[in-house]
Amino acid sequence: MKNIIIFLFIFFSCFLFSQEVLLIISDKPNDDGSALLISWDTSQIVSSKITIDREIANGEFISITNSEELTGTFEDGSNINPGIKYEYRLTAFDNNGEIIQIYRTSGESSVQWFNKKKISLLIFAILITISIVYYIFSARSGKDLYIRKISGLESMDESVGRATEMGRPILFIPGTLDLDDMQTIAGLTILRRLAQKAAEYDAKLIVPVCRSMVLSTAKEIVKEAYMKAGRPDAYDPDSVFYLTDDQFGYVAGVDGIIVREKPAANFFLGAFYAESLILAETGFSSGAIQTAGTAMPSQLPFFVVACDYTLIGEELFAASAYLSKDPHQLGSLKGQDFGKAIFIVVLMIGIILEISGIHFLKDFLTLH
Amino acid sequence: MGKAKQIDRRWLFLLIFFGVAFPLIFTLGLPLETTKNVQMVYDLIDNMPKGSKALISFDYDPASMPELHPMAKAIVKHCFDKDINLIFTAMWPMGVQMADDIIYQLKDDYPDLEYGEDYVNLGFKAGGMITIQSMGKNFREVFPKDMNGNNIDELPIMEGINNFSNIGFVFSLSAGAPGIKEWVQIAHDAYGRPTSGGVTGVSAPAILPYVNEQQQLTGLLAGLKGAAEYEILLKAPGTAISGMDAQSAAHLIIIIFIIIGNVNYWRNKKAEKMGGK
Amino acid sequence: MKRKIPLLITFTVGIILIISEFIPHKPFGQLSGELEIWFLIISGFAILLGQLSLFKVNILKIKYKQRDWQFYTITLISFIIMVTLGFLWGTGKSAGMLGHGEAISSMLGYKPFDYLFHNIYQHLQATMFSLLAFFIASAAYRAFIGRTVESNLLLASAVLVMLGNTTLGSLLTGWLPESLNFLHLPKVSEFIMTFPTTAGQRAIMIGAGLGIIGSSLRIILGIERSYLGGE
Amino acid sequence: MEQFFATLGIWLGALFTFAIFSFLYKDNPFYKTAEQIFVGLSAGYWSVYTIFFILIPNLYEPLTQNFNANWIKLIPAILGIMMLLRLIPKIEWVSRFPLSIVIGTTSGVFFLRYLKSDVLNQLTATMINPFLGESWVIVIGKIMLIIGTICGVVYFYFSKKHIGALGVSAKIGIYFLMVSFGAAFGYTAMARISLLIGRLQFLLGDWLGIIQP
């Protein structure tokens, strides 16, 4: 539509004034009226340089921009208010710096209530919001929401059994970030279940941590789990302990524990950086069953090759929801799954349309 | 699991040390070819009109210098050759020093460059994505002054820059977050500016999906190889190219380690099986 | 009051920012713009908070004579030196409280703050991360084992990408005729990166993206409150 | 004199490089010292840069130079100070107010940006006609891109049991994930080696002068 108007404008002004239009001032669409779009085209008169100025008072101009290009656009967004007419002047120069032509025109900006370019974004935002909120509330009201089994979690029984059998401990690392990271919280949720299992089977658990906030929470969780398993006497307060905040210092400490204590099973669940590689390698060399899980994409490769079981990305959160049955986590996960389902369906329709040469859907969804 | 056969890993460390050091001293100069993503970055800069303005964000610190510094140097050089005016910013505080260092290294090659006219260093701001979004609305509120304490209104290069609109393209040299991802999400996806960048090898695979038909990213330089390719396209060999032989040697050593490790593992497993029977 | 008001603020602020995306009209655009500027300033204070609490933690460690407490005095001393030098003479072209300190900078070649940065900090940080080159090599030997179909696929793709990303790859298959060019190692590596890797990473991106959308929504609606601390 | 300090700087750099490298032999006091210096200098750098280049130009100067136009900046100033009160355990809760603004802003922005860039734009970027390719290699690649993306998303779908067609797609999805992890592995190896190359270029070039720096 805008293009048509511009075209008509050019067409009629050519017709009326029979003079080349060198400068067009138009409103910047979908904004709060604080900018004007300036486009120039001096290819007819072949200028070597142009300057564009705006009138601020009678006969007084301020420079807006200058260019050596024949055509171009520029957005003037300094002190523009909607509904006021602004006068612009284009001065075209030739090679010697002589003025070839001066062209004047004006334009005004306007305010828009709705950004029309973002309709598709709005539709998707509403869809996803409704589905997440709906599922959270239905989980809260006690509806049973199904979540598939996470294969990485199967290792838990195997690990605890093996540790009991061999009389060796289980090592658990809740990542190296603090409690404000969702991955740490997911890791600690899994620790709750693991500690309960360990208490039931009387396996020893070691949890070295590298953040003081994580320390107090992890202690609390393990203690609670032992109580729940009916074995508060078996809880050893020294089994959860703080090593150091420093990345490599912490890794060196954990490495020492792995080499000395030779745990039967290692769990690395949480956020990890470069230390993932060193932990997984040392654990592998010690012959432990290893389960790892993180949402840090760059660390997953190391876990996948060196560990027996790996929770990949979202699986870590799903595992936490699966174990805790917390309605917020479950409902949110369900809502996100709904988003994935929409994604796949729309994608398939889109691809079929593209193959048949219909570009409507893709154009509608493309946002700029 | 074959633990008895493990050798002390410090021997491997030594091997890697010399494996990288030797090719640096005795270079072979093996050939290197350029890839599409690097060519796209080159073309983007090459086709920019003279006198346009570009924003280059230094989102890294000394830890990633070997990978990103050669890229930064090559990109800045290319822009100066094409008469593109550069606005430097940093989402990481140490990026400021990185930008300064690039200018320091290039100042002999380009003696005519004027600070404030051809380039400017606006320095570091915290806040990551939110601050970038804010730049799209109130550029001058985010950066009232440059690194040297000059008022931004007094710098000719900043004339007409109130948001991203009059910026030709955005280029982020990124070693993590905040970095290139945030620039894609705001500068391109919200404000429609062409966006490109260079990343460390570690983050390259995760950023790659943005190089697509929608041109969320216009090309991408990934790791030392990306930097070396750009140096080739620019015909200005630098530290990236001279490191490529060492890179080859080290990769070869790692691949050989993987093969030996796997062969050992399967042999032990077979032996265990035989022993078990 | 201690919980309700922050929850209300989070809700209002989140909603304003979302609405302003769709409605550019006053007052939403201005409000969200103002909030973003506030965010920058508060982030500045938050960074300061991080450094100050590091200071506090270290003092406590020394006070209670924790293991290796001597090393934490080194942390404090180097922190204080860096801050003092920065405040006295500034950095780069910015002046400090004593101006630019021309005499001392002409002696050192840099301002004292920048001298420490270039000659100590830069090397420490760069070396710290280069340690990983050694660890990756030893891990390659000791732990990177293809035991399942999945890990075999991973190792195969890793080896191809590593070969393709160096001059070695160009050398090894450079002799291939034009018609078999797609088997040329750099081409193979480029193919792996452009198609299957992008597909896999895109799937991760969508999953993680939806996860972030979900948690943002829960926070705005006040369902997720863990950021406010204990009950 | 400048020459002396330049040389001293290079020697200091080399000394600290070896102090860190000594960790490869085993954890030792030299490494620990170097590491703590690193932590301290880093914190000092961040503090100086935050005060000099954020708090002074964006807050202090607007308030002192033109208060009437910028009085509204008093609000973030007060909020920022409330943030710092976190250091005092008794009135720690005061920091919840600035925190709620930070979290609210982040959530509002993240909600839209991730929806747009990481979901919607990835959707349209995968909506391609695979048969439009310059060569059969590209066509195969584009088909792989479509199948891999769909199957990968299916793998992260938790609401249904992975059996039947869903199970097969999830299995294909995991294979694509593995290939992408392999590539990530290769790139990470490349990155780490590059860092070592950088270090050796410093040691062999700037310090020993064996190679051209």
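Span-like helix check, chain C: qualifying full DSSP H segments, with Cα axial length of 30 Å or more and mean Kyte-Doolittle of -0.5 or more, are C:28-63, C:69-89, C:122-142, C:198-220.
For chain A, which whole-number percentage of the solvent-accessible area (1.4 Å probe, protein heavy atoms only) is attributable to carbon and sulfur atoms?
Using a 1.4 Å probe with all protein chains present, chain A comes out at 57 percent carbon and sulfur.
Heavy atoms of chains B and C lose about 5200 Å² of accessible surface on contact, summed over both sides with a 1.4 Å probe. Note on chain D: dipole from Cβ charges, positive end direction compared against D:Phe53, D:Gly198, D:Val119; the farthest Cα belongs to D:Val119. Among the GluC sites (Glu not before Pro) in the range B:190-244, those placed in a DSSP loop whose Cβ has at most 14 other Cβ atoms within 10 Å are B:Glu213. Cross-link check: pairs B:Lys145/D:Lys116; A:Lys118/B:Lys125; B:Lys53/B:Lys145; A:Lys118/C:Lys26; B:Lys181/C:Lys4; B:Lys73/B:Lys225 evaluated at a Cα-Cα cut-off of 22 Å; pairs beyond the cut-off: B:Lys145/D:Lys116; A:Lys118/B:Lys125; B:Lys181/C:Lys4. Angle of helix A:182-201 to the longest C-alpha principal axis of chain A, folded into 0 to 90 degrees and rounded to 10: 10°.
In Å², rounded to the nearest 100, what is the total accessible surface buried by chains C and D against each other with a 1.4 Å probe? Chains C and D together bury roughly 10700 Å² of accessible area. Using C-alpha pairs under 8 Å with a sequence gap of at least 6, the mean separation divided by the residue count of chain B gives a relative contact order of 25 percent.
For the peptides B:214-222, B:61-69, B:135-143, the ranking by packing is B:61-69, B:214-222, B:135-143, with the highest mean count of neighbouring Cβ atoms within 10 Å listed first.
Please compute, over every Cα-Cα pair in chain C, the percentage with a separation greater than 29 angstrom. Kindly include the intermediate steps, with their values, before the conclusion.
On the way: 17162 of 26565 pairs.
Of the Cα pairs, 65 percent sit more than 29 Å apart.
Dipole orientation for the range A:102-225: of the candidates A:Leu179, A:Met213, A:Leu122, A:Leu122 has the Cα lying most toward the positive pole (charges on Cβ; Lys, Arg +1; Asp, Glu -1).
Per residue, how much accessible surface does the protein assembly as shown expose to a 1.4 Å probe? Answer in Å², no decimals. Mind showing how you got there, number by number?
Numbers: 43080 Å² over 1089 residues.
Dividing the accessible area of the protein assembly as shown by its residue count gives 40 Å².
Residues whose amide H comes within less than 5 Å of that of A:Gln290, counting only those at least five positions distant or on another chain, are A:Asn266, A:Asp308, A:Tyr309 (H built at 1.01 Å from N in the peptide plane).
The mean count of C-beta atoms from other chains within 10 Å of the C-beta of residues in A:285-295, rounded to a whole number, is 2. Stokes-Einstein diffusion for chain A, with the hydrodynamic radius set to the Kirkwood value over Cα pairs and evaluated at 20 °C in a medium of 1.002 mPa s, equals 82 µm²/s.
Roll a 1.4 angstrom probe over the protein heavy atoms and tell me the percent of accessible area of the range B:127-277 that is carbon or sulfur.
Working: 2720 of 4730 Å².
Reported share for carbon and sulfur atoms: 58 percent.
Considering helices alone, the calculated mean residue ellipticity of the protein assembly as shown at 222 nm is -18000 deg cm²/dmol, with DSSP H runs of length four and up weighted by -39500 (n - 2.57) and normalised per residue.
The Kirkwood radius of the range B:32-236, taken over pairs of alpha-carbon atoms, gives through the Stokes-Einstein law at 4 °C and 1.567 mPa s a diffusion coefficient of 78 µm² s⁻¹. What FRET efficiency, computed as 1/(1 + (r/R0)^6) with R0 = 60 Å and r the Cβ-Cβ distance, is obtained for A:Ser39 and C:Tyr227, rounded to the nearest 0.05? Once rounded, the FRET efficiency stands at 0.80. At 7 Å along the Cα-to-beta-carbon direction for both D:Ile210 and A:Ala234, put a label point, then send me their distance in nm to one decimal. Spacing of the two 7 Å Cα→Cβ label points: 5.8 nm.
Take each residue of peptide B:220-228, count the partner chain Cβ atoms within 10 Å of its Cβ, and average: the result is 4. Basic side chains Lys and Arg get +1 at the Cβ, acidic Asp and Glu get -1 at the Cβ, and with that the dipole of the range C:144-224 about its Cα centre reaches some 120 debye.
Each Cα pair under 8 Å and six or more residues apart adds its separation to the average, and for the range C:131-231 the resulting relative contact order is 16 percent.
The largest accessible area among C:Met205, C:Met1 belongs to the first residue in C:Met1, C:Met205, and the rest follow in falling order (1.4 Å probe, all chains).
State, as an integer percentage, the relative contact order of chain A based on alpha-carbon contacts under 8 Å between residues 6 or more apart.
Values: 629 pairs, mean separation 55.0, N = 368.
Value for chain A: 15 percent.
In this simple spin-label model, placing a label point 7 Å from the Cα along the Cα-to-Cβ direction at both B:Asp46 and C:Ala103 gives a separation of 5.5 nm. With just the Cα atoms defining each centre, how far is the range C:149-210 from the range C:64-109? Give it in Å. Value for the Cα centre distance between the two parts: 47 Å. Among A:Asn266, A:Phe93, A:Asn79, flag the residue with its Cα farthest along the positive direction of the charge dipole of chain A, charges on Cβ as +1 for Lys/Arg and -1 for Asp/Glu. Looking along the dipole axis, the top candidate is A:Asn266.
Compared with the dominant principal axis of the Cα atoms in chain A, helix A:314-324 is inclined by about 50°. What separates the Cα centres of the range D:119-184 and the range A:200-261 is a distance of 40 Å.
Using the per-residue mean of other Cβ atoms lying within 10 Å as a proxy for protection, in what order, highest first, do the peptides A:28-37, B:256-265, C:212-221 fall?
On the way: A:28-37: 19.4, B:256-265: 17.1, C:212-221: 23.7.
Ranking, from highest mean packing down: C:212-221, A:28-37, B:256-265.
For the pair A:Val111 and A:Asp94, label points projected 7 Å from Cα toward Cβ lie 4.8 nm apart. The angle separating the long axis of helix A:247-261 from the principal Cα axis of greatest extent in chain A is about 20 degrees. Span-like helix check, chain D: qualifying full DSSP H segments, with Cα axial length of 20 Å or more and mean Kyte-Doolittle of 1.0 or more, are D:2-21, D:136-155, D:164-201. Each peptide in D:18-30, C:149-161, A:209-221 receives the mean, over its residues, of other Cβ atoms within 10 Å, and ordering these scores from highest gives C:149-161, A:209-221, D:18-30.
Each of the chymotrypsin sites (Phe, Trp or Tyr not before Pro) that DSSP puts in a loop and that has at most 16 other Cβ atoms within 10 Å breaks chain C; the longest unbroken stretch is C:65-174.
To the nearest whole number, what is the average tally of beta carbon atoms from other chains within 10 Å of the beta carbons of peptide D:7-13? Write out the running numbers ahead of the final one.
Details: counts 0, 3, 9, 2, 1, 6, 9.
Mean shielding by partner chains, rounded to a whole number: 4.
The values are calculated or read from the model by the stated rules, or taken from the named source; none is laboratory data. What you see is a predicted model; the values in this text were computed from it and never measured. Every residue, glycine among them, receives a Cβ derived from its backbone with ideal geometry; neighbour counts consider all protein chains shown. The accessibility values were calculated without ligands, DNA or RNA, using every heavy atom of the protein model including side chains. Shrake-Rupley method; radii C 1.70, N 1.55, O 1.52, S 1.80 Å.
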